[in-house]
Structures are given as C-alpha cells and as structure tokens.
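Okay, so here's the structure we're looking at.
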Amino acid sequence: MNSTKMRKFGGAAGLVAGGLITGGILAGTLAANAAEDTTTPTTGSESSKSQTDPSQPQRSDEQLLTGDTKTQVEAAVLAEYPGATIERAESDSDGVYESHVVTTDGDHLIVQVGEDFAVTGTDSGGHGGHGGPRGDAPDSSDDD
C-alpha cells in the first residue's frame, strides 16, 4: 500500500473509532440520566397533600387508638355522624380522644370524644386545631 492510501485508511479508521467512543459516552450519559429521573417532582400544595397519610397521627404527642377504646370512640363518632368515613382515631394531646372523619357531605372534621366516650366537641377542617363546644370551631376573634 502506498502512503496516500494508508493516510486515507488511517483517517477513516480514526473517524470510525472516534464516533464509536462518542456514541458510547453519549449512551452511558443518557442511561445514567434516565436512572436518576425515576421520581416525579410535586409542587405547591399538591406536595403537602400527597405526602400526608390521613390514617397516621400527624403529631408526635398523639397515638393511634386500638382495641376496645378505638371501637368505643368510633361508635360514638358514627352515632353522631352516621355514614361518615373515619380516617383515624387517636389520643389527643389535650387528654381526650379525637377522630378525624369525612362526613357524607364531604366535610373534614375532628370530633373530640371524652373519656366517657361522649362526643364533646367538633372542629372543622380536619387538619389541626382543637375545637370548642360541639359543632363550633374555636373562637379566634379578639376581645377588645
């Protein structure tokens, strides 16, 4: 082979080798990126709602009820709100029981139940706060 043909062959082989190396690097990078992008990010209020499990206590000072206590609290709540869906029943940091429910109208409520298993109060919203008298939200107005 003469030197002109060798240079052409060498140049062509170099281009092919360079293309294979570049393609391999690109394929490896794409595969690594695909492996990293396995979760779907959430934004705004949708992230806090999707990460909250309504069947679990939301505060460390409250514990899920079990056994007879749970049964009696839920019976009292369902007697007051027939057909409601109970999300959870738990001990409350204020020394009573509470049940987080969704009524048949779709309202989210926290229903307080005393140690005697009587409904003692209801709080609307279902996401915090502890209610005043039965059926009333706590009074947040200022007395001037």
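The values are calculated or read from the model by the stated rules, or taken from the named source; none is laboratory data. Values in this document were obtained by computation on a predicted structure and should not be read as measured data. Here the Cβ is made from the backbone with ideal geometry for all residues, glycine too, and neighbour counts use every protein chain on show.
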Original post:
Hey, does segment 58-77 have a residue that's touching a Pro at 6+ places or on another chain (Cβ under 9 Å), modelled with pLDDT of 90 or more and either assigned to a loop (DSSP other than H, G, I, E, B) or on the phi > 0 side of the Ramachandran plot (or both)?
Top reply: no
Subject >> Count of residues meeting criterion [under 21 Å from the mean Cα position of the chain (by Cα) and not small (G, A, S)] in segment 73-91 >> reply: 5
